[in-house]
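K.L.:
Got a structure for you, written out below as structure tokens; questions coming shortly.
The values are calculated or read from the model by the stated rules, or taken from the named source; none is laboratory data. Remember, it's a predicted structure, so these values are computed and weren't measured experimentally. Cβ: placed from backbone, ideal geometry, glycine included. Neighbour counts: every protein chain shown. With ligands, DNA and RNA removed, areas are computed over all heavy atoms of the protein, side chains included. Shrake-Rupley method; radii C 1.70, N 1.55, O 1.52, S 1.80 Å.
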Amino acid sequence: MKRRNLLAATLTIAALGTALDVHATDYPSKPITIIAPSGPGGGYDLTGRVLADVLSKQMGASFIVENRAGSGTLIGTQTAAAAAPDGYTLMVGGLSNLVFNAALYKKLPYDPKTFVPIGLAARYPYLMVARGDLPQNNLKELVAELRANPDRLTIATSGPGSGQEVMATLFARSTGTKIAQIPYKAAAPAYQDLLAGRVDLFLDTLTTAKPHVDSKRLKAIFITSEKRSPHLPAVPTAAELGLPQLQMGTWFGLFAPRGVPLQVLEQLQTALRAAVQSGELARRLEPLGIEVMNVDQAATEAFINAEYARWTKTIKQSGTTLD
């Protein structure tokens, strides 16, 4: 009797293992959702749509981007964290939702460690832009105005915990000035008000800000990259202007809820690496002024840990909290 029960249990385990193998082998058998924890028009959205397109080609599957904006990046990230770890719900993760929020909130409604990286994809420098008719044309004039008239000028942000919000706060602290922050749910409505002259400044990614600079509807003050951008070579870096603490870039990658089957994770990682190695991702992103992050899994983990250490320290020293 014991032998019969043992045999039955063995066959059940073997059948379960086979079923799991078949499930992993059949992946993907339905559309895959990529959650962008922001509204349309920003770095999360753009990165998610480019990744969805290149991965669709690599895997012969359907990838759909779902925008989940609200409370900065909290709502979309929390939704992704609660999703089943089956590989059918992924998330665009970045500096804001996986690093900044951990330092800004004492009680974060999700654990950044809930996510496992599929791979980093893109890094964007920030560009400070001003409305086209702002009397101040450079950093020196801008700082002089802000010191003479605290809080008279306004700066748009994409809400609490966003890279734009953190950068605006660091800018004010670094220059010893006060500037009124105006939060928006996403970059697109912020640009609407900036272009209409209802808000004065915006520290946003080069990719989304550059077209408005090119059209001369907005003017660029400085860029946060290490070197001047070949796309806007006349624009000085923050470090050149005496603000090296603002030298940074926001980054984005693709993440899955931890617990996703290893074979599924490896399949996604292989597809993303193939898109990077083939140059497909670069062809889509580099013309927009975006750096493709060509890093392996070990380097990805090390990079994220280093960013966490840097920004946790910086944000805590600034005294900025969102609780």
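K.L.:
Restricting attention to the range 134-149, does a residue exist that is of a type in the set (Val, Ile, Thr), part of a helix (DSSP H, G or I) and open to solvent by 10 Å² or more (accessible area, probe 1.4 Å)?
P.N.:
Start the filter on the range 134-149 by keeping residues that are of a type in the set (Val, Ile, Thr), which leaves 143.
Imposing the further condition that a residue be part of a helix (DSSP H, G or I) reduces the set to 143.
Add one more test, that the residue is open to solvent by 10 Å² or more (accessible area, probe 1.4 Å), and what stays is 143.
The answer is yes, given that some residue of the range 134-149 is of a type in the set (Val, Ile, Thr), part of a helix (DSSP H, G or I) and open to solvent by 10 Å² or more (accessible area, probe 1.4 Å).
K.L.:
Return the total of residues in the range 35-49 being over 15 Å from Leu98 (Cβ atoms), buried (at least 20 other Cβ atoms within 10 Å of the Cβ) and at pLDDT 90 or above.
P.N.:
2
K.L.:
Sticking with this structure for a sec: Please determine whether any residue of the range 88-103 is more than 13 Å from the chain's Cα centre (by Cα) and within 20 Å of Gly249 (Cβ to Cβ).
P.N.:
Checked against the condition, which is being more than 13 Å from the chain's Cα centre (by Cα) and within 20 Å of Gly249 (Cβ to Cβ), the range 88-103 yields at least one hit.
K.L.:
Mind listing whichever residues of the range 171-202 are touching a residue at least 60 places away in the same chain (Cβ under 8 Å), touching a strand residue (DSSP E or B) at 6+ places or on another chain (Cβ under 9 Å) and either among the small types (Gly, Ala, Ser) or surrounded by 18 or more Cβ atoms within 10 Å (Cβ to Cβ) (or both)?
P.N.:
Result: Phe171, Ala186, Ala187, Tyr191, Leu194, Gly197, Val199, Asp200, Leu201, Phe202.
K.L.:
Limited to the range 82-109, what total is found for residues that are modelled with pLDDT of 95 or more, touching a helix residue (DSSP H, G or I) at 6+ places or on another chain (Cβ under 6 Å) and assigned to a loop (DSSP other than H, G, I, E, B)?
P.N.:
1
K.L.:
I'm trying to understand the selection: among the residues of the range 139-170, which are among the small types (Gly, Ala, Ser) and either without any contact (Cβ under 8 Å) to a residue 12 or more places away in the chain or out of contact with any Phe, Trp or Tyr (no Cβ under 9 Å at 6 or more places or on another chain) (or both)? Quick ask: steps written out before the conclusion?
P.N.:
Here is the first cut: in the range 139-170, the ones among the small types (Gly, Ala, Ser) are 144, 148, 156, 158-159, 161-163, 168.
Hits for the range 139-170 are Ala144, Ala148.
K.L.:
Another question, then. Do you know which of the residues in the range 275-323 that are more than 24 Å from Pro109 (Cα to Cα), of a type in the set (S, T, N, Q) and assigned to a loop (DSSP other than H, G, I, E, B) is least open to solvent (accessible area, probe 1.4 Å)?
P.N.:
Step by step, filter the range 275-323, then rank; the result is Ser278.
K.L.:
Quick check, is Ala69 modelled with pLDDT of 95 or more and touching a Gly at 6+ places or on another chain (Cβ under 9 Å)?
P.N.:
Numbers: modelled with pLDDT of 95 or more: no; touching a Gly at 6+ places or on another chain (Cβ under 9 Å): yes.
In short, no.
K.L.:
State all residues of the range 40-81 that are part of a loop (DSSP other than H, G, I, E, B), of a type outside the set (Ser, Thr, Tyr) and in contact (Cβ under 8 Å) with a residue 24 or more places away in the chain; if no residue qualifies, say none. Walk me through it before giving the result.
P.N.:
Step one: list which residues in the range 40-81 are part of a loop (DSSP other than H, G, I, E, B), which gives 40-42, 60-62, 68-73.
Filter again for of a type outside the set (Ser, Thr, Tyr), leaving 40-42, 60-61, 68-70, 72.
Once the filter is applied, which keeps residues that are part of a loop (DSSP other than H, G, I, E, B), of a type outside the set (Ser, Thr, Tyr) and in contact (Cβ under 8 Å) with a residue 24 or more places away in the chain, the range 40-81 yields Pro40, Gly41, Gly42, Ala61, Arg68, Ala69, Gly70, Gly72.
K.L.:
For the range 203-243, enumerate the residues that are modelled with pLDDT under 95, open to solvent by 40 Å² or more (accessible area, probe 1.4 Å) and among the aliphatic types (A, V, I, L, M).
P.N.:
Matches in the range 203-243: none.
K.L.:
Here's a follow-up. Which number in (1) more than 19 Å from the chain's Cα centre (by Cα); (2) in contact (Cβ under 8 Å) with a residue 60 or more places away in the chain marks the one condition that Arg228 misses?
P.N.:
(2)
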